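Below is one structure; the comments refer to it alone.
All of the numbers you see were taken from the coordinates with simple rules; none came from a lab. Predicted, not measured: the structure shown is a model, and the values here were computed from it. Here the Cβ positions follow ideal geometry from the backbone for every residue, glycine too, while neighbour counts run over all protein chains shown.
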Amino acid sequence: MPEFLGPFLEVLIGGLLAGILYSLVALGFVLIFKASGVFNFAQGAMVLFAALALVRSIEVLQSWGVNAGLAIVIGFLFSGALMVALAFAVERMVLRPLVNQEGIILFMATIGITFFIDGFGQQIFGSDAYQLDIGIPKESIFLLEGVFEGGILVNELDLWAGATAGLLVLGLALFFQKTRIGRALRAVADDHQAAQSVGIPLNHIWVIVWAVAGIVALVAGTIWGSKLGVQFSIAQIALKALPVLILGGFTSVPGAIIGGLIIGAGEKLAEVYIGLPYFDGGIENWFAYMLALVFLLIRPQGLFGERIIERI
Amino acid sequence: MVAMQAVPQAAAPLLAVNGIEVIYNHVILVLKGVSLTVPEGGVVAVLGANGAGKTTTLKAISRLLKAERGEVTKGSVEYRGERIEAASPSDLVRRGLIQVMEGRHCFGHLTIEENLLTGAYTRRDGQGQVAADLDKVYAYFPRLKERRRAQAGYTSGGEQQMCAIGRALMSNPRMILLDEPSMGLAPQLVEEIFEIVHRLNREAGVSFLVAEQNTNMALRYASFGYILENGRIVMDGPADSLRENSDVKEFYLGLGEGGRQSFRDVKHYRRRKRWLA
Ligand SMILES: Nc1ncnc2c1ncn2[C@@H]1O[C@H](COP(=O)(O)OP(=O)(O)OP(=O)(O)O)[C@@H](O)[C@H]1O
Ligand SMILES: [Mg+2]
C-alpha cells in the first residue's frame, strides 16, 4: 500500500462527509427552484432558523424538567412544525400575491424573507452560539487500521451525518418517484400550466415543496449545529450551496448531491495539497467559488443540468 | 344560406357561455362578447383562423386564463347550471370539466404512464378505480400501452396527443375542452384522434368542445359549430349545414374562389342580436 494513500483517503473522506451538508442545503434550493421557478435565497437562513428553533426548544424543555430524550423528540416535532408553518406563511404572504411575476421579483422577495427570518429567528431564539447535543457520539475513530498504518481518522459524528443525509435523500427519492404527490411535484416542475390543467393546485404544491425544503434545512441545521454549534455563521456556510448549484445544475437532485460531494472533497484536498504547501493555507474558503466559476465557463448548465428535451 | 336552426338546447345545456369579454394584461381586449352552448352528450366545434380567440375562449371556460394574466370582464359561464367564473381549474376538474391544451403539453420527463396518472390527481375514489380507468385508457389508445414506460418527451407528436387526451380521461371527465388536437399531425393520425373522440362521446358519454383550424375534420365529427373571427362569433349552425355553406366553403374549407377576405365583407351572413350586445 503506497504511503501517501492513507492520509489522502483521510482528507478525502473528511471532505466528502463535509460535502454532504452542502448537498443538503443545495437540495433545498433545487426542490424549490424546480417546483416554483423561484431561486430561494433564504435556504441558508432557513437552516439557521430551524437549528435555532431546535436547540432553544430543547433547552427550554429541559429547563422545565423534561428529560433529555423526550425534550429532543419534542424539540424536533416543534421545529419541524415551525418549518411547515413557515412554508404556509411564505405561500400565503409572498408567493400567492406575486404569482405570475418575473423570476427576479420573486428572487428579491426571497432576499426579503432571508433577512426577515434571520432577524426574527434571532429575536425570538436569541443570537448567541448554542451547543446542540442530541446524543450523537462525537468520538474520533480509526478505520481500516489493518490496511493503513495508523488507520484512517474519521469523526463518528460525520459518519452519522453521512448516514442521515443518505437516508433523507433516499426517502425523498422514493417520495418523488412513488407517491401521488411526488408525481404531481415533478409534473409541476415540468410544465406548471399543464399541471394546473389536470387539476393540480399550484398553491398546495408550493406549500409542500417549501415544507420539504424546510425539513431538509432542519436536518442540515441539526448536523451542522451538532458539529459547530448553532450560531449565525451557519447561514453563511450555507451559501457554499451556491457553488454546489453551479456545479450540479439548478434543476438536478443528483446534481445537488454529487456537486456537494465534489465541493466538499475538492476544497479539503485543495487545502491540504495546494493551500498548505504553497499559500500558508486558507484557500478552503474561496476554492469552491473559484472551482464553480471555472466550471461555469466550461459547462453553464451544470454537471447534471436537466437535459432539455427538444422535439417537435 | 341555411336558416339558423334551433340551437340544440332542450333541457339546460351542459355548458353555456353568455357574452363573455376577455381582456389580457388589463388592456388587450381579445374576446368581444362570445356566446355558445354545448348540450349534454354533444360534440361542438369552435372554428376560426389564427388568433381568432379559440384558445382564449376555452381557457376562459377552464379558468386557465388567470395564469396568462387574462380576465373575463363581462358575461358569464355556466356549467351544469352553475356559474363557474370564480372557480379554480382544479375545482372544475373535480367537477368533470377538463381542458386538453393546445400543443399537448405532456410532462416531458415523466413516463407516459406517469403522465396518465397525474390526470387522476383530483380523484378520491381509490386506487382500484384509477387502475381500472388506466386500463380503459389503454384500451382506447393501445399505442400508449406499448409506450407506457417511455419518457413522454421522447414520444412522437401523435403519441403525445393521445397521452394528453388519455391524461384528461383519467380525471373521469364529463366534458373535455379539446384545443387543436390536429395541430402538426399527419392527416391519418388526425382522423384516428377524431375517431377516438367520436367513440368517447358515444361510448363514455363525454361531451366535447373542440377548437380547430382543421374545419373540414372538425365539422365531420361535430354536430354543431361556431365560427370565431376577431373575438366575435360570426356564424353558427349544425355542422352539416355549415359544411354546405358557401362562405364557410370559401374561407375555411378552401373550396371557393378567392376575392373576399373575411366574413366582414360578406353582406348576407347573419349575426344574432345577442352577439351585437
Ligand atoms: N397571454 C396573452 N396575452 C396577450 N394577448 C394574448 C395572450 N394570449 C393570446 N393573446 C392574443 O389573443 C388573440 C387570440 O388568441 P388565441 O390564442 O385565443 O387565438 P386562437 O384562435 O387560439 O389562435 P390559434 O389558432 O393560433 O391557436 C391573439 O391576437 C393573441 O395575440
Ligand atoms: Mg389556439
>> Given contacts defined as C-alpha pairs under 8 Å and at least six residues apart, what's the relative contact order of chain B, whole-number percent?
In response: 26
> When the C-alpha atoms of the range A:66-106 are aligned to their principal axes, what extent does each axis show, in angstrom, from largest down?
Replying inline: 49, 16, 8
> Helix B:187-203 sits at what angle to the longest principal axis of chain B, using alpha carbons and giving 0 to 90 degrees rounded to 10?
Replying inline: 80
>> I need the calculated FRET efficiency for the pair residue B:220 and residue B:82, taking r as the beta carbon distance and R₀ as 30 Å, to the nearest 0.05.
In response: 0.40
> Span-like helices, chain A: DSSP H, alpha-carbon axial extent 20 Å or more, mean Kyte-Doolittle 0.5 or greater, which ones?
Replying inline: A:5-36, A:43-63, A:68-90, A:103-125, A:156-178, A:202-228, A:253-270, A:284-298
> Can you give the Kirkwood hydrodynamic radius for the range A:80-198, in Å, rounded to one decimal and based on Cα pairs?
Replying inline: 19.1
>> Return the equivalent ellipsoid semi-axes of the range A:20-100 as a descending list in whole Å, where each equals the square root of 5 times an eigenvalue of the C-alpha gyration tensor.
In response: 29, 15, 9
> What's the Cα-based Rg to Rh of the range A:177-235, Rh via Kirkwood?
Replying inline: 1.20
> Per residue Cα convex hull volume for the range A:142-279, in cubic angstrom?
Replying inline: 146
>> Could you work out the percent of alpha carbon pairs in the protein assembly as shown separated by over 39 Å, rounded to a whole number?
In response: 42
>> Starting from the 7 Å offset along Cα-to-Cβ, what nm value, one decimal, do you get for the label separation of residue A:177 and residue A:8?
In response: 3.3
> Nearest 0.05, what FRET efficiency do residue A:232 and residue A:289 give at R0 = 22 Å with Cβ-Cβ as r?
Replying inline: 0.65
> What's the local net charge at residue A:125, with K and R +1, D and E -1, over the other residues with C-beta under 15 Å away?
Replying inline: -2
> For the residue pair residue B:195 and residue A:108, what label-to-label distance in nm results when each label sits 7 Å from Cα along the Cα-to-beta-carbon direction?
Replying inline: 5.6
> Contour minus end-to-end for residue A:81 and residue A:280, with contour as 0.36 nm per residue of separation and end-to-end as the Cα-Cα distance?
Replying inline: 67.1 nm
> Non-local amide H neighbours of residue B:237 (under 5 Å, H modeled in plane, Pro and chain starts lacking H): which ones?
Replying inline: B:225
> What number in nm² do you get for chain B if you take the convex hull of its Cα atoms and divide its surface by four?
Replying inline: 14.7
> Once the mean 1/r over all distinct Cα pairs of the range A:5-298 is inverted, what Kirkwood radius in angstroms do you read off?
Replying inline: 20.0
>> At a threshold of 8 angstrom on Cα-Cα distance, excluding pairs fewer than six apart, so keeping six or more, what relative contact order does chain A reach in percent?
In response: 34
